[in-house]
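Below is one structure, written out as structure tokens; comments come after it.
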Amino acid sequence: MATQVDLGRLRLIVPIRLTVPLVIVLVIGVLVDQIALGVAAAIGAFICGLADIGDCYPVRARVMAIATVAITLITVIGGAVSSSLLITIALSPLVAFACAYATALGPNAGLTGTLALVMYSLYAGAPVGENHVLAQAAAVLAGCVLEMVFCLGGWPLRRVSGMRNQLADTWRMFHRAATGSPEQLLSPELPAQLVHCAAEIRWSGARGETLRWIQALLDSAELLRLPLASIANRRLNLRESGSNPAELGEFDRLSAAVANLARAVARALVLPVRRKAVPNALAEVEAAAAAARHWAPVQVDALVDACQRAASALSGDLPIGRHGNLSFTINVGASDWQRALGSEMTWSSPILRHAVRMAVLTPVAWIVGELLLTEHKYWVALTVAWIAKPGYGITFGRVVSRTAGTLIGLAVIGIVIFVAAPNVWGLVALCAISAYLMFTAMPVNYALAVVFVTTLIVALLAMSGETLESSLWNRALGTVLGGALALAAAQIGASWAAPTLSQKLAVVAAATQRYVNAVFFRTDDVRMAAGNLVNARRDAATSIQEAQLEPARGRLSPERAQRVLSALLGGIFVVASVDPAVQSDPEFTGGIDPERLDEELEELHRQLVLIDSGERQASTGPIPRVPIVDPEFGGDADPACQAVKRAVAYL
């Protein structure tokens with residue numbers, strides 16, 4: 001949403017790494033008097049930087065390499081047809097369909113498809129000239145390669161910075177949740193992040209002591225989540241009842257101390273030299289825990305144990321750098337891509353409907369731009385490429401964010417250029433500032449990021465000689481037209497998320513079953529099962545977010561679906577912690593009864609299918625406050641089965 005700000009994902013150092021390659025190619029282009037090629041290389045670096053999803057190095061290498069190939073090829077295709085409007089429009093349905101249908105291979109492939117369609121719109125809409133197509137494509141490729149070098153250059157240093165950043169994000173989420181209202185500790189964001197990190201560990205290439213160190217930090221986060229959530233549940237009860245303010249005060253102070261520790265751990269993971277703050281933060285937790293222990297001794301003891309584990313993992317020599325142990329194999333993604341593509345080739349699939357919709361909408365956008373704009377007529381198609389998504393809810397959110405961000409960005413860059421009248425080096429500085437602010441804002445707020453995407457693109461194109469006065473008006477009108485077209489098209493064969501929530505959760509339950517059977521019974525390839533589960537989880541989480549933006553409601557409310565997913569994610573994490581990629585002992589079960597867990601998941605799947613078919617009604621009353629943990633918390637109870645039981649209880 002345009003107003004949603006996630007400061008927990010704010011990073012100040014990573015955007016520098018992403019911005020430097022863009023600035024380098026611009027400076028080189030100016031120095032050798034090849035500004036057009038410098039701009040092309042900067043666009044390549046910018047687009048490739050968007051493909052750096054910040055995961056572990058093997059995954060990032062795969063996504064960025066595929067994006068680089070796709071972007072370079074589409075630049076050649078777009079540049080080759082740019083001199084003919086008829087060919088550009090005639091080819092656009094095929095390109096749009098292929099780029100949109102790439103989502104069938106997962107979110108990362110969907111991102112690559114979006115970026116490729118954006119590049120087609122940009123280069124097909126701005127005539128390049130036959131003699132310059134290959135030169136422009138080579139410049140784009142050079143920019144992409146340089147961006148990859150800067151983003152992946154730390155991989156041989158064995159510092160596992162990608163995984164450390166993911167773990168730091170996890171602990172930042174603890175900090176943000178623990179300092180906010182107790183409800184934040186009960187949201188699905190934390191377990192979703194934990195499950196994401198667990199999947200990343202399997203793909204990170206970490207081995208031996210490095211793998212055990214990463215897993216220990218993630219395990220300590222999960223061990224902290226359950227007792228902290230249990231205490232948050234108690235804090236909610238105390239606030240609502242107004243009883244026992246002394247107990248509430250001590251629990252609030254304990255949560256604040258945990259938040260400080262979580263922030264210290266996150267900072268230490270990003271910059272290990274800051275580890276000295278962790279022992280002091282741990283001492284604050286232990287002092288607050290001593291005061292609150294008599295209210296909930298089991299939960300408080302478990303919380304302190306988790307904090308001590310995290311602090312211990314950050315003491316002494318860390319198994320990174322010269323002490324690191326990891327392989328350098330690129331993650332190639334799921335090997336069942338043919339099945340993934342084939343499974344969506346049905347009209348009931350929202351991905352296929354979206355691809356067909358894009359195949360129709362994109363040429364319409366080109367025609368509308370040709371008829372209504374005087375310059376930059378590709379801007380309508382470019383806007384559609386950026387914002388059109390399979391679901392109505394997310395498309396609506398993107399239209400609002402993109403329109404508001406673009407209009408503000410155009411106003412900002414217009415004022416700056418008119419007032420300052422920068423020369424070419426001033427425009428390079430504007431590009432550098434815009435790129436840094438854009439990469440900083442991207443994980444925090446999409447609309448804010450769009451402001452700086454706009455200032456960056458306008459500054460880049462101004463460097464290549466475009467006049468500003470007419471371009472601002474045409475881009476503003478093109479953005480509004482593209483947003484209106486995307487929103488209108490989303491109503492046709494609309495993919496409403498709300499009616500699909502029970503079905504999406506049933507898919508997650510089935511994917512969890514497949515993963516459980518792969519881990520414990522070796523019935524499937526664990527890597528494929530894990531990838532399938534990650535995509536199912538992301539799909540369900542996205543659908544829940546979309547449903548919250550939609551006017552209608554399905555058989556399962558987004559709030560109840562969110563609770564079900566949160567509980568199920570807790571069980572998934574427990575299973576992931578005994579994954580063979582993490583545990584060297586193949587017989588280790590972590591206290592899980594695999595057969596009983598399979599039965600519990602089968603029951604959850606059955607209940608969700610019944611709700612989806614209408615044979616059973618989900619509760620429409622207040623969402624039950626199911627205990628976060630059973631009374632035997634801390635004992636020998638099966639944690640995975642407990643999590644699935646909580647998911648069933650929410651229905």
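The values are calculated or read from the model by the stated rules, or taken from the named source; none is laboratory data. Here the structure is a predicted model, which is why all the values come from computation and not from measurement. Using ideal geometry, Cβ is built from the backbone for each residue, glycine included, and neighbour counts are taken over all protein chains shown. Heads up: the accessible areas ignore ligands, DNA and RNA and are worked out on the full protein's heavy atoms, side chains in. Shrake-Rupley method; radii C 1.70, N 1.55, O 1.52, S 1.80 Å.
Brief remarks follow.
- In the range 347-484, the ratio of gyration radius to Kirkwood radius, Rg to Rh, stands at 1.01 when only Cα atoms are counted.
- Inter-label distance, nm, simple model (7 Å from Cα along the C-beta direction), Arg322/Glu615: 6.5
- Scaled radius of gyration (Cα, divided by 2.2 N^0.38 Å) that the range 132-177 gives: 1.80
- Rolling a 1.4 angstrom probe over the protein heavy atoms with all chains in place gives the range 72-221 an accessible area of 34 Å² per residue.
- Computed log₁₀ I(q)/I(0) - Debye formula, equal Cα scatterers, no solvent, the range 187-327, q 0.15 Å⁻¹: -0.77
- The chain - Cys residues lacking any other Cys C-beta under 4.7 Å: Cys56, Cys99, Cys151, Cys197, Cys307, Cys431, Cys641
- Taken over the alpha carbons of the chain as equal point scatterers, the Debye sum produces base-10 log I(q)/I(0) values at 0.05, 0.12 Å⁻¹ of -0.24, -1.33.
- Nearest-0.05 FRET efficiency for Ala246 and Glu286, computed from C-beta distance (R0 22 Å): 0.65
- Of the trypsin sites (Lys or Arg not before Pro) found in the range 588-617, the ones in coil according to DSSP and having at most 16 other Cβ atoms within 10 Å of their Cβ are Arg616.
- Solvent-accessible area per residue, Å², over the range 246-353 with all protein chains present [probe radius 1.4 Å]: 50
- The slack between Ser181 and Ser315, meaning 0.36 nm per residue of separation minus the straight C-alpha distance, is 45.1 nm.
- When each of the peptides 421-427, 160-166 is scored by how many other beta carbons lie within 10 Å of its residues on average, the order from highest to lowest is 160-166, 421-427.
- Computed accessible area, His175, all protein chains, 1.4 angstrom probe, square angstrom: 50
- Given charges at beta-carbon only (K, R positive; D, E negative), |dipole| of the chain in Debye: 860
- Rounded percent of accessible protein surface that carbon and sulfur make up, the chain, 1.4 Å probe: 61
- Sequence ranges 92-99, 207-214, 380-387, ranked by mean other-Cβ count within 10 angstrom, highest first: 380-387, 92-99, 207-214
- Kirkwood-type radius of the range 89-151, with distances r between different C-alpha atoms, in Å: 13.1
- When you restrict to C-alpha pairs under 8 Å that are six or more residues apart and normalise by the size of the chain, the relative contact order lands at 17 percent.
- Relative contact order computed over the range 284-397 (Cα-Cα under 8 Å; 6+ residues apart), in percent: 14
- Centre-to-centre separation between the Cα atoms of the range 166-244 and those of the range 485-554: 22 Å.
- Alpha carbon convex hull of the range 399-545, projected area averaged over orientations, nm²: 12.0
- Dividing the Cα radius of gyration of the range 398-461 by its Kirkwood radius returns 0.98 for Rg/Rh.
- The simple Förster model, with R0 at 45 Å and r as the Cβ-Cβ distance, assigns Ala216 and Asp33 a FRET efficiency of 0.25.
- Estimated dipole of the range 328-424 in Debye, rounded to 20 [Cβ of Lys and Arg +1, of Asp and Glu -1, Cα centre]: 200
- Calculated [222 nm] ellipticity per residue, helices only, for the chain: -24500 deg cm²/dmol; basis is -39500 (n - 2.57) per DSSP H run with n ≥ 4, divided by all residues, nearest 500.
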